[in-house]
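> Just dropping this structure here.
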Amino acid sequence: MAKDVEGPEGFQTRDYEDPPPTPFFDAEELTKWSLYRAVIAEFVATLLFLYVTVLTVIGYKIQSDTKAGGVDCGGVGILGIAWAFGGMIFILVYCTAGISGGHINPAVTFGLFLARKVSLIRAVLYMVAQCLGAICGVGFVKAFQSSHYVNYGGGANFLADGYNTGTGLAAEIIGTFVLVYTVFSATDPKRNARDSHVPVLAPLPIGFAVFMVHLATIPITGTGINPARSFGAAVIFNKSKPWDDHWIFWVGPFIGAAIAAFYHQFVLRASGSKSLGSFRSAANV
C-alpha cells in the first residue's frame, strides 16, 4: 500500500493508497473480543475523564467562593479548567488509541462513523459506553464531594446568562468542528505517510484543541463539545436548567462533527472527486 518516494525538498515520503472504507454494518464484529475490549476502554476512559475534570470544576468554584472563605482569584481559574480537560484528553487518547482509537466522545465517534472509519455497530456501542462511563465518573464525584456537589452546580453544562440559544448552539458547533477536524488531521494515515519527516503525536494536538476550545467557550456554555460529558453531568445533577438546555449539547456537537467529517473527507482529501473520477474511468472502459 505504500512505498518510499522522493518528496519536496529531498525528504523521503511514502506513496499512499487509502484503505477501503469500513463496512456500514459488520455483524462479524460482534464475535470478536477486540470490539468488547475497545468498548470497555471507552467506558473506563470516559469515566476517568469526567471524574478528574468535574472535580476540577467543583474545586475551582469552592476555592473562589468568597462566601465560603475562598478568594476571588482562588483556585485554578478558567485556564486551569481548560488545562484539566485538554490534559486529560491528551493522556486518555494516548492510553487508549491503540485499543479503541481513543474517541472518548460521541461526537468524535459520529464524525468517524460518517467518514466510514468505524462501523455502525462499533459507533453505537462506543456511544453507549461513553455515556455510561460519564454517568459513573460524575457519580463518583458526587459520592466523594457530596457536601459541595449540588451547591456548586455539579459540573453541569448549561447556557450562561446573557447568551441566547443561537449563540450557545453556534459555540458548540464551532468548538466541536475544531476538535473533530483536529482528530481527522492528526490521525490521517495519508498525511503521516506523506509527511513522515514531520512526526505528529496525535494525542497532543487533540488535547490542545480541547484546551483552546474550552478557553473560548467556558463563559458561554461551560463547554460541552462532548455529548457524553454533558449527559453524565446532567443525569447526576438532575436539575431543570441543565436539562432545559441539554439539546444544545447533542445537536451542536453532532452538527459540528458532521461538518468536520465532510470538510476533511470531501474538501481536503477530495474523496468525492476521486470516487467520481474512478466511476468515470470505469464507465469509459
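> Quick check on my filter: what residues within the stretch 97-126 are farther than 24 Å from Ile173 by Cβ and buried (at least 20 other Cβ atoms within 10 Å of the Cβ)?
Ser100, Ser119, Arg122, Leu125
> For the stretch 127-165, enumerate the residues that are of a type outside the set (Val, Ile, Thr), open to solvent by 50 Å² or more (accessible area, probe 1.4 Å) and assigned to a helix (DSSP H, G or I).
Leu132, Cys136, Phe140, Lys142, Ala143, Phe144, Ser146, Ser147, His148 - these are the residues of the stretch 127-165 that are of a type outside the set (Val, Ile, Thr), open to solvent by 50 Å² or more (accessible area, probe 1.4 Å) and assigned to a helix (DSSP H, G or I).
> For Ser185, all conditions in the list (1) polar (S, T, N, Q); (2) modelled with pLDDT of 95 or more; (3) closer than 30 Å to Phe24 by Cβ hold save one; what is the number of the exception?
That leaves (2) as the condition not met.
Here's the yes/no breakdown for (1) in contact (Cβ under 8 Å) with a residue 60 or more places away in the chain; (2) assigned to a loop (DSSP other than H, G, I, E, B):
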{"residue": "Leu47", "(1), (2)": "yes, no"}
{"residue": "Ile78", "(1), (2)": "yes, no"}
{"residue": "Ala84", "(1), (2)": "no, no"}
{"residue": "Gly87", "(1), (2)": "yes, no"}
{"residue": "Gly101", "(1), (2)": "yes, yes"}
{"residue": "Leu112", "(1), (2)": "yes, no"}
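> Let me ask something else. So is Ala82 at pLDDT 85 or above, open to solvent by less than 60 Å² (accessible area, probe 1.4 Å), closer than 23 Å to Pro227 by Cα and out of contact with any helix residue (DSSP H, G or I) (no Cβ under 6 Å at 6 or more places or on another chain) or not?
no
The values are calculated or read from the model by the stated rules, or taken from the named source; none is laboratory data. Computed from a prediction, not measured in an experiment: that's the story for all the values here. As a convention, Cβ positions derive from the backbone with ideal geometry for all residues, glycine included, and neighbour counts pool all protein chains shown. The accessibility values were calculated without ligands, DNA or RNA, using every heavy atom of the protein model including side chains. Shrake-Rupley method; radii C 1.70, N 1.55, O 1.52, S 1.80 Å.
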